[in-house]
Amino acid sequence: MQATRSAVHALGLIAVASAACWLWTIHAPGGRSAALGYEAAQYAVAARELAEHGRLATPFALPIELALHAQPPWPLAVVQPGLVVVEAAFQRLAPRAVAREGLGLIVPFVCFLAIGVAIAWLVSSLLARYAAGTTPLERSAAAVVAGLAFLLDPEAQHLAAGGFTELPFALGLLTSIGAIASGWAPRRPLLFGLLLGVAETFRSDMLWLAPLLALAAATSATGGAGNRVRLRVFMLALLGYALPLAPWWYYKWRAFGSPAWDLSRYMLWEGTLGRSWFVLLHLPQQPALPEGVEAVRLLVAKLGRNLPGLLLALTAGPRALWIGALLAWLLVARPARALAVTGAAVLAQAALGLVAAAFTLPWPLALFPARVPLEVSGLLAVWGLVGSLEPGAMRPGAVRALRVAVALLALGWGGFQTVRGNAAARTVAAARDLPDVATLNDLGQRLDRELAAGEPVMSNLGPTLAWYAKRPVLHLALTPADVEGCRDRLALRHVVLAFRGSAQGWSGWAEVLARPQDAAARTEWNVLHERHWRSQDGFLIVWLELGAPIPQLAGGSRSEPRVAAASGG
């Protein structure tokens with residue numbers, strides 16, 4: 001009998017793992033440049049710097065970074081260290097014949113597969129522990145449904161197909177919540193805290209979640225645990241959280257003067273200063289930020305603007321049912337202490353994630369890590385509510401049919417979203433504003449022929465060009481008028497633009513892209529020579545060689561550039 005239960009459980013996990021591999025391979029096939037995208041390239045170039053030179057630094061910077069650090073390689077002001085360290089290890093260990101571009105996909109794919117399998121394993125284990133009346137087949141079926149519901153999420157598939165950090169963080173968050181539900185967290189609080197700290201090395205979201213989860217672990221302690229024991233669990237969890245992060249905090253203190261400094265701090269002011277986050281990052285100076293009552297007023301107004309849309313995204317489809325069921329289950333089902341605390345923690349972390357996204361960049365994708373445990377818990381709560389009906393309220397066959405209907409709803413919604421998401425991904429991939437590898441390698445070779453080794457260039461291709469050209473790259477300034485402000489801090493002579501056409505370029509560079517042959521005639525742009533051509537994949541390449549730097553106005557810095565017409569691309 002035990003062998004039969006184990007076989008059924010193993011088959012369920014194998015089915016989920018197989019589905020993960022299949023869904024990953026069909027997500028947006030074809031039509032996509034094989035070149036590293038913006039975020040994947042940011043991590044790849046930093047990992048290469050660590051692998052080859054043994055330093056946490058990067059050959060890519062945004063114009064705003066020049067205000068603190070002018071010369072390459074620049075300290076890490078955007079990326080978190082976790083993925084950098086892991087990718088650096090892959091780059092050191094991988095055979096030379098392996099394409100280095102593909103190494104950045106290993107961690108997201110493994111985490112995509114691991115989350116699906118972890119969900120299935122957790123669901124089966126929790127049902128075996130807390131729902132003794134369920135059969136092995138029922139537990140295995142529920143586990144497979146829950147795992148597939150996650151894998152069918154097109155956002156999960158999208159994140160698994162690129163060098164993003166949401167999936168590693170979501171895996172850490174899900175594992176942490178599972179540790180609370182299983183009772184492991186209060187028994188091993190230091191290790192639990194280390195898990196939280198490792199998750200933080202991939203995304204800084206854990207900064208506000210760690211105290212919440214440490215408190216949940218302490219509160220879930222059972223067996224007559226008193227307040228002193230719970231306080232000990234809480235403190236050890238926070239200590240464990242801090243241990244893997246202490247070197248990173250010291251690094252940021254040395255590099256930026258504060259252990260908490262990060263360029264993401266400017267996301268708070270997206271849409272509040274008359275400028276977008278994109279605008280702030282592409283000017284060569286730190287902006288003056290509001291303070292005091294004015295800052296509070298702006299942030300409260302921003303929260304009010306962004307919350308409704310994000311809440312709508314969080315409750316789309318059957319998600320509203322999952323959230324409502326989780327609330328109802330906590331109120332009426334009287335679950336075991338560990339499960340009750342876990343359910344409350346899941347709701348609380350989702351609320352914190354919602355508020356954090358509203359205060360920063362109000363993109364639905366920012367809610368993804370919080371959604372993973374919320375949707376799994378909600379699905380289990382629906383099944384739990386159905387099973388908690390009073391005897392006689394429904395026939396056993398009707399209860400089973402209702403549970404099957406809930407499973408079909410979860411899988412049907414996921415399948416519908418996958419089909420729609422893959423269609424949208426193929427459309428976006430076909431129009432991706434990124435040249436292919438051949439064009440990028442050609443640009444790198446041209447730069448090598450005309451520039452000294454290690455000489456920086458400015459380009460809208462940013463970290464992608466830094467990867468293929470193997471030289472420092474400063475991201476394109478907001479407008480041509482802002483280039484000289486960057487040159488006040490960094491010696492650069494060449495600007496390389498690569499867009500599908502003038503219509504796809506940044507509005508601040510529209511004139512250059514529309515008539516590149518006239519760039520040298522605009523004396524205020526300080527262009528000495530210009531050349532442009534069409535690459536074999538259809539991109540307009542504009543190469544500007546700049547004249548000698550224009551001296552600053554006497555007695556001060558350059559005047560504030562006009563940015564009303566500038567926008568990102």
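Some points to look at:
- Residue that is nearest to residue 414 (Cα to Cα) [pool: residues in segment 144-200 that are touching a Phe, Trp or Tyr at 6+ places or on another chain (Cβ under 8 Å) and aromatic (Phe, Trp, Tyr)]: 169
The rows are residues; the columns are (1) more than 25 Å from residue 275 (Cβ to Cβ); (2) modelled with pLDDT under 95; (3) touching a strand residue (DSSP E or B) at 6+ places or on another chain (Cβ under 8 Å); (4) not basic (Lys, Arg).
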site	(1), (2), (3), (4)
467	yes, no, no, yes
491	yes, yes, no, yes
505	no, yes, yes, yes
508	no, yes, no, yes
511	no, yes, no, yes
519	yes, yes, yes, yes
523	yes, yes, no, yes
536	yes, yes, no, yes
559	no, yes, no, yes
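- Only helices (runs of 4 or more DSSP H) whose full extent lies in segment 80-161 are considered here, and the ones with at least 1 residues that are touching a His at 6+ places or on another chain (Cβ under 6 Å) and within 22 Å of residue 426 (Cα to Cα) are 154-160.
- Residue count, segment 162-210 (criterion: crowded, with 21+ Cβ neighbours inside 10 Å and outside any helix (DSSP H, G or I)): 7
- Selected residue [within 26 Å of the chain's Cα centre (by Cα), on the phi < 0 side of the Ramachandran plot and aliphatic (A, V, I, L, M)] from 338, 295, 345: 345
- Residues that are out of contact with any Pro (no Cβ under 9 Å at 6 or more places or on another chain), of a type in the set (Gly, Ala, Ser) and modelled with pLDDT of 90 or more within segment 20-50 comprise 20, 47, listed in sequence order.
- In segment 370-388, residue farthest from residue 200 (Cα to Cα) [restricted to those that are modelled with pLDDT of 95 or more and of a type outside the set (A, V, I, L, M)]: 378
- The sole residue among 527, 495 that is more than 26 Å from residue 36 (Cα to Cα) and surrounded by 21 or more Cβ atoms within 10 Å (Cβ to Cβ) is 527.
One line per residue, one yes/no per condition, for (1) among the aliphatic types (A, V, I, L, M); (2) in contact with a Leu (Cβ under 9 Å, 6 or more places away or on another chain):
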{"position": "469", "(1), (2)": "yes, yes"}
{"position": "483", "(1), (2)": "yes, yes"}
{"position": "492", "(1), (2)": "yes, yes"}
{"position": "496", "(1), (2)": "yes, yes"}
{"position": "500", "(1), (2)": "no, yes"}
{"position": "511", "(1), (2)": "no, no"}
{"position": "516", "(1), (2)": "no, yes"}
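- Among residues of segment 55-86 being among the polar types (S, T, N, Q) and closer than 17 Å to residue 489 by Cβ, the one that is surrounded by the fewest Cβ atoms within 10 Å (Cβ to Cβ) is 71.
- A single entry from 138, 166 fulfils the requirement of being of a type in the set (D, E, K, R), more than 18 Å from the chain's Cα centre (by Cα) and either more than 30 Å from residue 34 (Cα to Cα) or at pLDDT 90 or above (or both): 138.
- All of 438, 407, 481, 452 fail the test of being closer than 27 Å to residue 35 by Cβ, of a type outside the set (Asp, Glu) and in contact (Cβ under 8 Å) with a residue 60 or more places away in the chain, apart from 438.
The values are calculated or read from the model by the stated rules, or taken from the named source; none is laboratory data. All values derive from a computational prediction rather than experimental measurement. Don't worry about glycine lacking a Cβ; one is built from the backbone with ideal geometry, like all the others, and counts go over all protein chains shown.
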